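Participant: Please see the structure below; I have some questions.
Bear in mind that the values in this text are calculations on the coordinates, not laboratory data. Given the structure is predicted, the values throughout are model-derived calculations rather than measurements. With ideal geometry, Cβ positions are generated from the backbone for all residues, glycine too; neighbour counts draw on all protein chains shown.
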Amino acid sequence: MTKTELIEYLHSAYPELTIDITCIKGYSEEDIVKLERLYDIKIQGQLLDFLIHMGRCSGGFFQINL
């Protein structure tokens, strides 16, 4: 899934959220390798897509407004 497809999919599920696309950041491949080593896991599939495209900052998809 591309970054754009992921953003469009999540936004279709939560259209009421305001999203700052400029803030969306993912992890690098090097970061993913470090996470796999640290936690002794293999990151793949949807989790890998999410972490690469918006794992560091979701641009507002997962913020809590109190």
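Participant: State, as an integer percentage, the relative contact order of the chain based on alpha-carbon contacts under 8 Å between residues 6 or more apart.
Facilitator: The value is 48 percent.
Participant: Per the Debye formula with a single identical scatterer at each Cα and no solvent contribution, what log10 I(q)/I(0) holds for segment 3-57 at q = 0.14, 0.29 Å⁻¹?
Facilitator: Treating every Cα as an identical point scatterer, log10 I(q)/I(0) equals -0.42, -1.17.
Participant: Please identify the GluC sites (Glu not before Pro) of segment 1-62 that satisfy two criteria: DSSP loop assignment and at most 16 other Cβ atoms within 10 Å. Which are they?
Facilitator: Working: sites: GLU5, GLU8, GLU16, GLU29, GLU30, GLU36; in loops: GLU16.
Taking segment 1-62 and a limit of 16 other Cβ atoms within 10 Å, the loop GluC sites (Glu not before Pro) found are GLU16.
Participant: For the chain, what is the calculated [θ] at 222 nm in deg cm²/dmol (nearest 500), taking -39500 (n - 2.57) for each run of four or more DSSP H residues and dividing by its residue count?
Facilitator: -14500 deg cm²/dmol
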